[in-house]
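A short write-up of the structure that comes next.
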Amino acid sequence: MQETEQGAHPLALVLASHLAASGDHLVTAESCTGGLLAGAFTSVPGSSAWFDQGWITYTNVSKQAQLGVSQESLKNFGAVSEVVAKQMAAGALAMAPQATLALSTTGIAGPGGGSADKPVGLVWFGFARRTEEDTVVTAVSQVFTGDRAAVRQASVVFSIEQLIAWLKP
């Protein structure tokens, strides 16, 4: 995805307007995207008004230590799973008390590492939203085609699009 003339990611600009209107504050927990989401968000001037922080938890150990992902979930479902994507998003939200939204990514960008059950290009996205009443956590997966860079960039675009759709009333 190309940046705008100001250097900002176009979808991040759209998200920024939604977050400015809602007053929400966002955090990220990234694995396969390796900071690309946080980079897209911080490309927007004034993003500190709605983007709080991000974690890059590339290993299982870091997912456990930084976000509270359970060892049992990693063992039973693997890092690339709905359960882990949800735990990453919920964990990021728990670690940032001022945040109201969290977005997580965990996937297989390739070129290796895939299997019949979990092909190269499979990415799970976790979304968590805290309100005064409760916290809602959901996840969705997508399989992308292309090389490693294409899978990672498609993951950024897809996750921002999904978050924007999730935030619409």
Going through (1) farther than 23 Å from GLY68 by Cα; (2) assigned to a helix (DSSP H, G or I); (3) among the small types (Gly, Ala, Ser) one by one, ALA89 fails only at (1)
Which residues, taken from the range 112-150, are surrounded by fewer than 18 Cβ atoms within 10 Å (Cβ to Cβ), in contact (Cβ under 8 Å) with a residue 24 or more places away in the chain and not in a strand (DSSP E or B)? PRO119, THR131, THR145, GLY146, ASP147, ARG148
So for the range 45-61 (the condition being in contact with a helix residue (DSSP H, G or I) (Cβ under 7 Å, 6 or more places away or on another chain) and touching a residue at least 60 places away in the same chain (Cβ under 8 Å)), does at least one residue qualify? no
If the requirement is being within 26 Å of ALA20 (Cβ to Cβ) and in contact (Cβ under 8 Å) with a residue 12 or more places away in the chain, which of these qualifies: ALA109, ALA79, ALA85, ALA89? ALA89
Which of the residues spanning the range 64-106 are among the small types (Gly, Ala, Ser) and over 18 Å from GLY35 (Cβ atoms)? GLY68, SER70, SER73, GLY78, SER81, ALA90, ALA94
Breaking point among (1) touching a helix residue (DSSP H, G or I) at 6+ places or on another chain (Cβ under 8 Å); (2) part of a loop (DSSP other than H, G, I, E, B), for GLN98: (1)
Evaluate the following for ALA89: is it in contact with a helix residue (DSSP H, G or I) (Cβ under 9 Å, 6 or more places away or on another chain), of a type in the set (A, V, I, L, M, F, W, C) and surrounded by 15 or more Cβ atoms within 10 Å (Cβ to Cβ)? yes
So, ALA109, is that one at pLDDT 95 or above, under 21 Å from PHE144 (Cβ atoms) and either within 14 Å of the chain's Cα centre (by Cα) or surrounded by fewer than 16 Cβ atoms within 10 Å (Cβ to Cβ) (or both) or not? no
Looking only at the range 9-25, which residues are crowded, with 19+ Cβ neighbours inside 10 Å, small (Gly, Ala, Ser) and within 11 Å of ALA49 (Cβ to Cβ)? ALA16
With the requirement that a residue be surrounded by fewer than 24 Cβ atoms within 10 Å (Cβ to Cβ), at pLDDT 95 or above and among the small types (Gly, Ala, Ser), what does the range 26-44 give you? GLY34, GLY35, ALA38, GLY39
Within the range 151-169, of all residues that are within 20 Å of GLY35 (Cβ to Cβ) and free of Cβ contacts under 8 Å to residues at least 60 places away in the same chain, the one surrounded by the most Cβ atoms within 10 Å (Cβ to Cβ) is ALA154
Quick check on my filter: what residues within the range 34-52 are more than 23 Å from ALA149 (Cβ to Cβ) and in contact with a His (Cβ under 9 Å, 6 or more places away or on another chain)? ALA49, TRP50, PHE51, ASP52
Output the number of the condition that PRO97 fails; it satisfies all remaining conditions of (1) under 15 Å from the mean Cα position of the chain (by Cα); (2) surrounded by fewer than 15 Cβ atoms within 10 Å (Cβ to Cβ); (3) modelled with pLDDT under 95; (4) not small (Gly, Ala, Ser). (1)
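The values are calculated or read from the model by the stated rules, or taken from the named source; none is laboratory data. Remember, predicted model here, so these are calculated numbers, not experimental data. All Cβ positions, even for glycine, are placed from backbone atoms using ideal geometry, and neighbour counts span all protein chains on display.
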